[in-house]
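These notes are about the structure you will find just below.
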Amino acid sequence: MDDFVIFGNSKKELHICKHKIKMFLKEILDLELPSNKCSIFPVTYGVNFLGYNIFYNNIKIRKKNYKNFIKRTVKLNKNYKKQKIDFNLLKSSVCSYLGYCKLANTFKLNFKIFTKNFKDLVYLITN
């Protein structure tokens with residue numbers, strides 16, 4: 001694992017920390033910290049980290065991931081109805097998405113997705 005987030009009380013504190021990390025990586029590990037992958041900004045903007053947008057009081061899934069799930073599941077659901085794919089493939093895709101959503105605050109989003117788009121799918125999976 002090489003991704004991490006550091007929170008601090010001031011920009012100055014974070015710039016000092018960033019400098020120390022850069023020096024450690026350079027002197028001890030002979031590595032460089034990519035400048036485009038290291039940012040300092042207020043926590044109120046949220047942190048885009050490991051597939052989530054993390055805020056001080058909330059965790060959301062990335063919009064791109066949500067849209068990809070909808071596209072993939074609509075396609076899988078159509079193929080299942082046409083009997084082109086096995087039910088287990090459809091179920092594993094939905095369960096994978098739900099597992100990803102467990103860490104985020106997505107109850108309302110999931111309810112909206114599944115009641116609007118996949119009523120029959122929910123019935124199949126839960127029965």
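Looking at region 40-49, is at least one residue modelled with pLDDT under 85, among the small types (Gly, Ala, Ser) and surrounded by 15 or more Cβ atoms within 10 Å (Cβ to Cβ)? The answer is yes; a qualifying residue exists.
A single entry from Lys18, Lys11, Lys60 fulfils the requirement of being farther than 30 Å from Leu90 by Cβ, modelled with pLDDT of 85 or more and surrounded by 12 or more Cβ atoms within 10 Å (Cβ to Cβ): Lys18.
The values are calculated or read from the model by the stated rules, or taken from the named source; none is laboratory data. None of these values were measured; they are calculated from a predicted model. Neighbour counts are summed over all protein chains in view; Cβ atoms, including those assigned to glycine, are modelled from backbone coordinates with ideal geometry.
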